[in-house]
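Take a look at the structure set out below.
The values are calculated or read from the model by the stated rules, or taken from the named source; none is laboratory data. Note that the structure is a prediction, hence the values are computed from the model and not measured. Virtual Cβ from ideal backbone geometry, glycine too; neighbours counted across all protein chains shown.
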């Protein structure tokens with residue numbers, strides 16, 4: 001595409017959440033890559049990295065003089081019943097500020113937007129929104145806009161269809177990346193999209209599809225090498241819904257890292273099934289430092305009701321396997337799940353307390369999201385109404401469980417237990433402080449009894 005047909009596109013990451021650590025806006029940079037590959041001129045702006053400054057935003061817009069502005073929305077809220085934080089007002093303020101200095105069309109996108117697009121588009125008063133996988137749609141939109149043509153529909157939907165080299169490497173922005181490297185040294189890489197699991201509360205299958213679509217293995221490892229060599233990254237976060245897919249594509253990524261002698265601290269989300277000694281040895285050999293395990297429930301009854309395919313004994317065995325290789329683990333547990341009773345609450349508390357060498361973060365209630373099986377169950381049980389606008393957070397707590405009793409029981413059960421954190425954000429400020437001091441990564445492994453203290457020395461990375 002020649003210079004005459006290029007458009008100037010200004011992309012904004014609106015995310016302001018920084019706990020448990022700040023996460024680089026990977027989706028935004030993948031959109032930027034697609035637009036640049038199509039010949040357009042792109043500037044990326046990160047609201048969090050710019051100290052949430054509206055003045056810095058308008059200054060950057062005035063300097064770049066965009067013809068189209070895109071805003072990425074990562075989350076609607078923090079899904080924490082006991083300390084709710086909502087993020088859409090930030091987006092609304094960004095749009096209002098843009099309107100003061102520019103008359104160009106504003107497009108919304110991102111995982112948060114895609115959960116309830118029509119509602120968010122109306123509330124923030126943007127012009128258009130792209131739902132789902134945006135790389136191809138945004139290029140089509142911009143190409144048409146260059147000719148003065150805009151779609152009739154305000155919300156444009158994309159089916160999840162990209163795979164292999166169609167999923168671009170992120171166009172990492174050097175200035176934005178430096179902010180995130182100074183806020184925990186964590187750099188993000190995606191190896192695949194889609195989720196085959198059927199957890200009743202989860203929006204991943206809705207957003208990314210129910211089939212695994214892998215990226216090109218060599219391109220993934222090229223990204224890691226690029227982050228190490230050109231950006232100075234010292235800790236990698238694999239931003240997949242579940243890293244250890246059942247087809248074993250994650251092992252191909254790790255084998256390629258080993259082949260290139262790349263060893264860098266990294267972390268990811270894991271399902272507590274399908275792992276063995278050979279997989280753990282390969283992970284350890286490429287630098288795995290901490291594993292976040294998607295347990296979610298802590299009794300066999302509630303695991304089944306959440307749509308999980310494993311039992312608590314599988315969680316225990318998985319935890320022991322990671323411990324065998326001296327890899328720290330964190331679990332995320334929710335109380336109040338479908339099927340929860342006072343008996344399962346007490347059983348779950350006991351299970352968590354008896355889980356050795358791990359950090360556990362405990363949530364109360366489950367944020368109900370549109371189109372999920374949990375939303376349908378909540379309608380059936382009379383907790384929400386058919387067609388209810390779930391923009392205002394509604395949390396599922398099983399009928400028969402008293403909210404006050406549950407909060408008091410959890411508070412009492414985990415009080416004074418260093419590695420069991422309730423509420424789940426109780427240590428956020430402490431972790432943020434440690435990142436400012438120069439510590440890298442997730443840091444929750446420092447909660448584990450007997451775990452060696454972390455230091456701020458630079459990690460040795462083989463290139």
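The table below gives the values:
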item	result
Conditions (1) assigned to a helix (DSSP H, G or I); (2) in contact with a strand residue (DSSP E or B) (Cβ under 7 Å, 6 or more places away or on another chain); (3) surrounded by fewer than 18 Cβ atoms within 10 Å (Cβ to Cβ): number failed by residue 89	(2)
Enumeration of residues in the stretch 362-380 that are surrounded by fewer than 19 Cβ atoms within 10 Å (Cβ to Cβ) and either touching a strand residue (DSSP E or B) at 6+ places or on another chain (Cβ under 9 Å) or closer than 17 Å to residue 83 by Cβ (or both)	377
Odd one out for residue 264, checked against (1) surrounded by fewer than 22 Cβ atoms within 10 Å (Cβ to Cβ); (2) more than 20 Å from the chain's Cα centre (by Cα)	(1)
Residue under evaluation residue 281, criteria (1) at pLDDT below 95; (2) at negative phi, criterion not met	(1)
Meets criteria (over 22 Å from residue 301 (Cα atoms), assigned by TED's automatic domain parsing to the domain that holds residue 208 and surrounded by fewer than 18 Cβ atoms within 10 Å (Cβ to Cβ)) for residue 326	yes
Residue match in the stretch 105-119 (condition: touching a helix residue (DSSP H, G or I) at 6+ places or on another chain (Cβ under 7 Å), assigned by TED's automatic domain parsing to the domain that holds residue 65, farther than 29 Å from residue 190 by Cα and in a helix (DSSP H, G or I))	no
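Yes or no, residue by residue, for (1) outside the structural domain of residue 420 (by TED's automatic domain parsing); (2) touching a helix residue (DSSP H, G or I) at 6+ places or on another chain (Cβ under 8 Å); (3) over 24 Å from residue 414 (Cα atoms):
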{"site": "234", "(1), (2), (3)": "no, yes, yes"}
{"site": "262", "(1), (2), (3)": "no, yes, yes"}
{"site": "309", "(1), (2), (3)": "no, no, yes"}
{"site": "314", "(1), (2), (3)": "no, no, no"}
